[in-house]
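The values are calculated or read from the model by the stated rules, or taken from the named source; none is laboratory data. A quick note: this is a predicted structure, and the numbers were derived from the prediction, not measured. As a convention, Cβ positions derive from the backbone with ideal geometry for all residues, glycine included, and neighbour counts pool all protein chains shown. For the accessible areas, the whole protein counts, side chains as well, though only heavy atoms, and no ligand, DNA or RNA atoms are used. Shrake-Rupley method; radii C 1.70, N 1.55, O 1.52, S 1.80 Å.
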Amino acid sequence: MARPLQNSAHMLDRTDTPAALAPAAPAGHRLDMDGIRVRYGQATAVDGVTLSVEPGEILALLGPSGCGKTTLLRTVAGFIRPEAGRVLVDGAPIGHLPPGKRGVGIVFQSYALFPHMSAAENVAYGLEARGRPKAEVIRRVEAALAAVRMEGFAARRPRALSGGQQQRVALARALAIEPAILLLDEPFAALDRALRLDLQLEIKRIQRRFGVTAVLVTHDQDEAMSMADRMAVMRGGRVEQVDAPATVYDSPATPFVAGFVGTSNRLHGRVEAREGADYRVRLDVGASVILASPRGFAVGERVLLCARPEHLALRDATAETPESWPARLRISLPLGPALVHDVEAGATELKLHEARHGQPPAPGPVRVALLPTARPALFPAGDDA
Amino acid sequence: MHRLAPADRPLALLILALAVIALLVLVGPVLIVLLTSFTTSQALRFPPPGLTLRWYAELFDPVRSAQIHKAAGNSLLVAFCTAVLSTAMATGAALAIARSRAGWARLAEGAFLAPLVLPGIAFGLAALMFFSWLRQPPSFALLVMGHAMIAAPFALRTVGASAAGLDPALLESSASLGASPWRTFRRVVLPLIMPGVASGGFLAFISSLDNVPVSLFLSSAETDMLPIRLWGMMETSLDVRVAAASGVLVAVAFLLLLLMDRAVGLVRRMAG
Ligand SMILES: Nc1ncnc2c1ncn2[C@@H]1O[C@H](COP(=O)(O)OP(=O)(O)O)[C@@H](O)[C@H]1O
Ligand SMILES: [Mg+2]
């Protein structure tokens, strides 16, 4: 196939329509998962998940390995028929449609490029399967490869491409059919850490330009943080929280989310008293702190405090205050402009994160205080699991 | 290569001895037949008193060896049809078995491989009785079917090895991109399992070409097969053309093997 160079960076077929000249992404499509349940034999892999993905946004499915992310993604793609629940695109159920008719593009973790075809043939595959005219196929393949900056590699077989390049071709192949929904299953898992950030930015850029609604599966919280508009944190087949990444970090809905997204110091205690809208909590480590919480607690109730490393600060061992508690500094690691302290208070291990001023302090007895400005999450002790 | 521990040395010697014996048993007779086919004597005899190409000339003489030629034609046609039929069956079975983790798949694989251990004579007799019970006279189609039963396990082995290496995500990719199952088979599955299919076809072809027991029971006057004809010639007169024909068969099989190995690495595939 002759493949003349193309200068235009515009997307696929949209080059010849006036709308393509506008920088704004075209309106995307909406994806709804409604009460989806999937079982493998006796084991429930996805247990009643209801999620909405807004047009043009990236939703990350984040959770530990085995929590059902891939299963949920494959249900949307049409490879798995759910036992209950519906998948809807723009409000219309697509459960009865085969994978190829759902308007869903998927990038597999292994990329799943056809090894006996060149990059261009891989990208052309979906268009040919849809019976598009030859001229259109050639034009769109060029545009899709250009969009992922792989136009110089059109004739190469996957084996002759690096992991990152294979991933771009896989992305071009999925996007060439102009899917309403783009599904990405751990697309960076097989890549070097150093390469990931570049590709994450690149995929986000391409996703924005295509205006395609995307679902990104990952077990890497940093990846979800950097790429997603919103993230759904999953555990054991259920969704524990759906929010913007910053909201998930600042206000985790459950102790599990607090521990899975970011680092969390767990401190047990008991509600001593109500003080206006706030609670006075007596911590088991030996301190009494005042906390705000959107949740209601009874006086005397056992609670679990999840404090971020930056919510805590080191104090001098002699500076005894009711809001601080005695501890022992095991080691301080200078991390560029910051310091990470490894501290133990009785049986409780704590991680602290502070700005560094001068040399790190020497190990020994210290006190740990909850910063007055910190808003750590407070849960009923029964939520701890 | 790493050194053998002293304790392993007797074992290594034993293996070497067995290998040499196997080679002698395999290669020796072939060499003897090849030498005999060049004999100047009137009947099969070893060692040959002198060497000549006379028997090959006679073997290729269209008039004097007309019956051999007809049998050879039959054999080649049956072998070709057997190769196509058994490879097609084995491909379908191998793909279904590779895709399924269920118990029935293991059972089906066992059933397919059973002819490997079933004595050919028993199968040939059983097939003959079965077909006559169905009141089917011996025919070309039945002969091919019989051969295909025997040849299918070879193809199943090689296609199965290829199919097992097929990444299921490729099939899902194809389906997700809008390809029909048939298109997926043609554009993705078949090209990727082609080495296994080709070597399976080759093995089926060869196994049919020199099959005696099934042909013995299922061939008829019209479907006279080369090995049966050669056997008949041996019985009635120690005709040296039998040795010449064997020489041709060995040479053809060897050339095909070289070709196939070039194309798909058959030897590696069999070893794996
Ligand atoms: N084909 C399958 N058969 C049986 N169990 C499966 C299958 N696929 C996944 N599972 C199980 O379902 C659960 C969810 O798996 P998966 O969706 O792959 O999780 P994740 O992608 O979050 O790691 C796991 O416990 C896994 O062992
Ligand atoms: Mg997974």
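Listing for the model above:
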quantity	calculated
Pair list, Cβ under 6 Å, 6 or more apart: the stretch B:29-56 residue within 12 Å of B:V240 (Cβ to Cβ), other residue among the β-branched types (V, I, T) and open to solvent by 70 Å² or more (accessible area, probe 1.4 Å)	B:F46/B:I32
In the stretch A:65-90, the residues that are within 16 Å of ligand 2 (Cβ to nearest atom) and open to solvent by less than 30 Å² (accessible area, probe 1.4 Å)	A:C67, A:G68, A:K69, A:T71, A:L72, A:L73, A:T75, A:V76, A:A77, A:I80
Contacts under 6 angstrom Cβ, first residue in the stretch A:58-75 being within 14 Å of chain B (Cβ to nearest Cβ), partner in a loop (DSSP other than H, G, I, E, B) and more than 9 Å from ligand 2 (Cβ to nearest atom), 6 or more apart	A:R74/A:I80; A:T75/A:P82
Given (1) open to solvent by less than 40 Å² (accessible area, probe 1.4 Å); (2) under 21 Å from A:R130 (Cβ atoms); (3) within 14 Å of chain B (Cβ to nearest Cβ), number of the condition A:P98 does not satisfy	(1)
Breaking point among (1) among the acidic types (D, E); (2) outside the structural domain of B:T223 (by TED's automatic domain parsing); (3) farther than 29 Å from B:L31 by Cβ, for B:E109	(2)
Hey, B:S208 assigned by TED's automatic domain parsing to the domain that holds B:L118 and in contact with a His (Cβ under 7 Å, 6 or more places away or on another chain) or not	yes
Residue in the stretch B:1-21 that is open to solvent by 90 Å² or more (accessible area, probe 1.4 Å), modelled with pLDDT under 90 and within 29 Å of B:T236 (Cα to Cα) present	no
Residue match in the stretch A:146-164 (condition: facing chain B (nearest Cβ under 10 Å) and open to solvent by 30 Å² or more (accessible area, probe 1.4 Å))	no
Some residue of the stretch A:46-64 being in a loop (DSSP other than H, G, I, E, B), within 16 Å of ligand 2 (Cβ to nearest atom), open to solvent by 20 Å² or more (accessible area, probe 1.4 Å) and in the same structural domain as A:I106 (by TED's automatic domain parsing)	yes
In the stretch A:165-190, residue surrounded by the most Cβ atoms within 10 Å (Cβ to Cβ) [restricted to those that are within 16 Å of ligand 1 (Cβ to nearest atom) and hydrophobic (A, V, I, L, M, F, W, C)]	A:L184
Filter result for the condition that a residue is under 22 Å from B:P62 (Cβ atoms), among the hydroxyl-bearing types (S, T, Y), surrounded by 14 or more Cβ atoms within 10 Å (Cβ to Cβ) and at pLDDT 80 or above, over B:S237, B:S246	B:S246
Unmet requirement for A:L73, which otherwise passes all of (1) within 16 Å of ligand 1 (Cβ to nearest atom); (2) part of a loop (DSSP other than H, G, I, E, B)	(2)
Cβ pairs under 7 Å, 6+ apart, first in the stretch A:181-200 and modelled with pLDDT of 90 or more, second within 16 Å of ligand 1 (Cβ to nearest atom) and assigned to a loop (DSSP other than H, G, I, E, B)	A:D185/A:F108; A:D185/A:Q109; A:E186/A:Q109
Yes/no for A:F108 being within 29 Å of A:L61 (Cα to Cα), within 9 Å of chain B (Cβ to nearest Cβ) and under 25 Å from the mean Cα position of the chain (by Cα)	yes
Residue within the stretch A:342-354 that is small (G, A, S), open to solvent by less than 40 Å² (accessible area, probe 1.4 Å) and either free of Cβ contacts under 8 Å to residues at least 24 places away in the same chain or part of a loop (DSSP other than H, G, I, E, B) (or both) present	no
All helices (runs of 4 or more DSSP H) inside the stretch B:138-237 with 2 or more residues being more than 14 Å from chain A (Cβ to nearest Cβ)	B:140-164, B:190-209, B:213-218, B:226-236
Residue within the stretch A:112-120 that is away from chain B (no Cβ under 14 Å), buried (at least 18 other Cβ atoms within 10 Å of the Cβ), outside any helix (DSSP H, G or I) and in contact (Cβ under 8 Å) with a residue 24 or more places away in the chain present	no
Options B:L76, B:L44; residue that is in the same structural domain as B:P153 (by TED's automatic domain parsing), closer than 22 Å to B:R229 by Cα and surrounded by 15 or more Cβ atoms within 10 Å (Cβ to Cβ)	B:L76
Qualifying residue in the stretch A:23-33 (condition: within 16 Å of ligand 1 (Cβ to nearest atom), within 30 Å of A:R209 (Cβ to Cβ), in a loop (DSSP other than H, G, I, E, B) and without any contact (Cβ under 8 Å) to a residue 60 or more places away in the chain)	no
Boolean, A:P360 is over 26 Å from A:F260 (Cα atoms), touching a strand residue (DSSP E or B) at 6+ places or on another chain (Cβ under 8 Å) and not in a strand (DSSP E or B)	yes
Unique match (being basic (K, R), within 13 Å of chain B (Cβ to nearest Cβ) and in a helix (DSSP H, G or I)) among A:R139, A:R132, A:R168, A:R173	A:R173
Flag for A:F114 being among the aromatic types (F, W, Y) and either within 12 Å of ligand 1 (Cβ to nearest atom) or within 16 Å of the chain's Cα centre (by Cα) (or both)	no
Whichever residue in the stretch A:248-277 is open to solvent by less than 60 Å² (accessible area, probe 1.4 Å), over 11 Å from the mean Cα position of the chain (by Cα) and among the β-branched types (V, I, T) and, among such residues, is farthest from A:E186 (Cα to Cα)	A:V271
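Residue by residue, here is whether (1) among the basic types (K, R); (2) within 16 Å of ligand 2 (Cβ to nearest atom) holds:
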| site | (1), (2) |
| --- | --- |
| A:E186 | no, yes |
| A:D198 | no, no |
| A:K204 | yes, no |
| A:F210 | no, no |
| A:A214 | no, no |
| A:H219 | no, yes |
| A:R230 | yes, no |
| A:R235 | yes, yes |
